[in-house]
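Comments concern the structure below.
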Amino acid sequence: MSIKDNLHSILTKLPPHVKLVAVSKTKTVAEILEVYNEGIRDFGENKVQELMQKVGELPQEIRWHLIGHLQTNKVKYVAPFVNCIHSVDSLKLLKEINKEALKNNRTVNCLLQVHIAREETKFGFSWPELVECIENEEFKNLKNISVIGVMGMATYTSDETLVRTEFSNLKEIFEKLRQNYFSENTGFKEISMGMSSDFELAIDCGSTIVRVGSSIFGERPKKG
Ligand SMILES: *Cc1c(COP(=O)(O)O)cnc(C)c1O
């Protein structure tokens with residue numbers, strides 16, 4: 001199937017309250033435009049350098065989502081334009097995003113990445129780390145970030161029961177955060193979970209943003 005057909009087949013599976021972020025890492029400008037021309041405006045990249053190369057060559061209407069691990073020294077590059085950073089995993093990073101957003105006289109949307117997978121390698125806050133971050137006085141003073149929800153990645157496995165447990169866990173964490181810390185903040189409403197292999201399961205478990213790459217654009221070259 002073509003990119004266009006793939007896209008429309010995914011879109012038919014998304015309920016109206018779920019937003020698609022088309023994950024375009026490793027894909028060309030021409031491929032991204034095929035999706036853009038079907039009306040998609042939200043695109044996700046996981047590497048700052050690759051994102052910076054693409055931004056100038058693509059329409060300004062695109063809302064760019066940074067979904068990969070972000071080092072504090074690279075925040076300055078994306079702060080002028082990035083719509084949402086899904087991979088925020090420390091107060092230090094939030095402070096840096098706030099500082100650079102302020103310099104650019106704008107607000108950057110952030111999702112708190114939560115560690116829900118079995119794998120050690122996946123980044124993200126634990127529950128105690130979330131509490132420590134949010135209860136910190138410095139957190140409350142960050143005016144140029146908008147914390148709009150949480151993000152998580154499930155274990156890479158065919159064990160559907162495990163994936164469901166992890167997504168449900170993220171949904172519970174989101175609800176606890178909302179009740180305990182964000183009850184006055186109607187902007188805190190997003191749960192970014194679900195990729196090509198598991199987005200339907202994620203939607204079942206309460207996802208509001210799915211990040212889908214290979215099911216739209218085709219497989220990526222395997223890492224060596
Ligand atoms: C690559 C990536 C995706 C998309 O993965 P697919 O399996 O190609 O849909 C989603 N989220 C993150 C954080 C990624 O790095």
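The residue that is farthest from residue 150 (Cα to Cα), among those in the range 64-73 that are within 16 Å of the ligand (Cβ to nearest atom) and surrounded by fewer than 19 Cβ atoms within 10 Å (Cβ to Cβ), is 71. Among the candidates 131, 108, the residue that is among the aliphatic types (A, V, I, L, M) and within 21 Å of residue 209 (Cβ to Cβ) is uniquely 108.
Contact map, the range 125-143: residues that are closer than 12 Å to residue 89 by Cα paired with residues that are open to solvent by less than 40 Å² (accessible area, probe 1.4 Å) and polar (S, T, N, Q), Cβ distance under 7 Å, separation 6+ or inter-chain. Pairs shown: 125/113.
Yes or no: the range 77-91 includes at least one residue that is open to solvent by 60 Å² or more (accessible area, probe 1.4 Å), in a loop (DSSP other than H, G, I, E, B) and in contact (Cβ under 8 Å) with a residue 12 or more places away in the chain.
We begin by selecting, within the range 77-91, every residue open to solvent by 60 Å² or more (accessible area, probe 1.4 Å); these are 77, 80.
Narrowing the set further to residues that are in a loop (DSSP other than H, G, I, E, B) leaves 80.
Keeping just the survivors that are in contact (Cβ under 8 Å) with a residue 12 or more places away in the chain gives 80.
Scanning the range 77-91 turns up at least one residue that is open to solvent by 60 Å² or more (accessible area, probe 1.4 Å), in a loop (DSSP other than H, G, I, E, B) and in contact (Cβ under 8 Å) with a residue 12 or more places away in the chain.
Evaluation of residue 203 against the conditions (1) under 18 Å from residue 113 (Cβ atoms); (2) open to solvent by less than 60 Å² (accessible area, probe 1.4 Å); (3) in contact (Cβ under 8 Å) with a residue 24 or more places away in the chain shows that the sole unmet condition is (1).
Restricting the range 106-156 to residues that are of a type in the set (A, V, I, L, M, F, W, C) and open to solvent by 40 Å² or more (accessible area, probe 1.4 Å), the residue that is nearest to the ligand (Cβ to nearest atom) is 153. Determine if the range 127-144 includes at least one residue that is at pLDDT below 95, touching an Asp or Glu at 6+ places or on another chain (Cβ under 9 Å) and under 22 Å from residue 64 (Cβ atoms). For the range 127-144, residues at pLDDT below 95, touching an Asp or Glu at 6+ places or on another chain (Cβ under 9 Å) and under 22 Å from residue 64 (Cβ atoms): absent.
Scan 34, 38, 57, 61 and give me the residue that is open to solvent by 50 Å² or more (accessible area, probe 1.4 Å), touching a His at 6+ places or on another chain (Cβ under 9 Å) and either at pLDDT 95 or above or in a strand (DSSP E or B) (or both). Show your work before the answer.
Numbers: 34 fails: touching a His at 6+ places or on another chain (Cβ under 9 Å); 57 fails: touching a His at 6+ places or on another chain (Cβ under 9 Å); 61 fails: touching a His at 6+ places or on another chain (Cβ under 9 Å).
So the residue among 34, 38, 57, 61 that is open to solvent by 50 Å² or more (accessible area, probe 1.4 Å), touching a His at 6+ places or on another chain (Cβ under 9 Å) and either at pLDDT 95 or above or in a strand (DSSP E or B) (or both) is 38.
For the range 9-63, residues that are under 19 Å from residue 79 (Cα atoms) and either over 19 Å from the mean Cα position of the chain (by Cα) or away from the ligand (no atom under 14 Å from the Cβ) (or both) total 14. One residue alone among 129, 61 is farther than 20 Å from residue 182 by Cβ and of a type outside the set (S, T, N, Q), and that residue is 61.
Select, from 215, 196, 168, 192, the only residue that is in contact (Cβ under 8 Å) with a residue 12 or more places away in the chain, open to solvent by less than 10 Å² (accessible area, probe 1.4 Å), of a type in the set (Ser, Thr, Tyr) and on the phi < 0 side of the Ramachandran plot.
On the way: 215 fails: open to solvent by less than 10 Å² (accessible area, probe 1.4 Å); 196 fails: open to solvent by less than 10 Å² (accessible area, probe 1.4 Å); 168 fails: open to solvent by less than 10 Å² (accessible area, probe 1.4 Å).
After applying the criteria, what remains is 192.
Of all residues in the range 41-54, those being buried (at least 22 other Cβ atoms within 10 Å of the Cβ) and either within 24 Å of residue 136 (Cα to Cα) or touching a residue at least 24 places away in the same chain (Cβ under 8 Å) (or both) number 2.
The values are calculated or read from the model by the stated rules, or taken from the named source; none is laboratory data. In this text, all values refer to a predicted model and were calculated from it rather than measured experimentally. In this analysis, Cβ positions are derived from the backbone assuming ideal geometry, glycine residues included, and neighbour counts consider all displayed protein chains. Side chains are part of the model used for accessible areas, which takes the heavy atoms of the whole protein and leaves out ligands, DNA and RNA. Shrake-Rupley method; radii C 1.70, N 1.55, O 1.52, S 1.80 Å.
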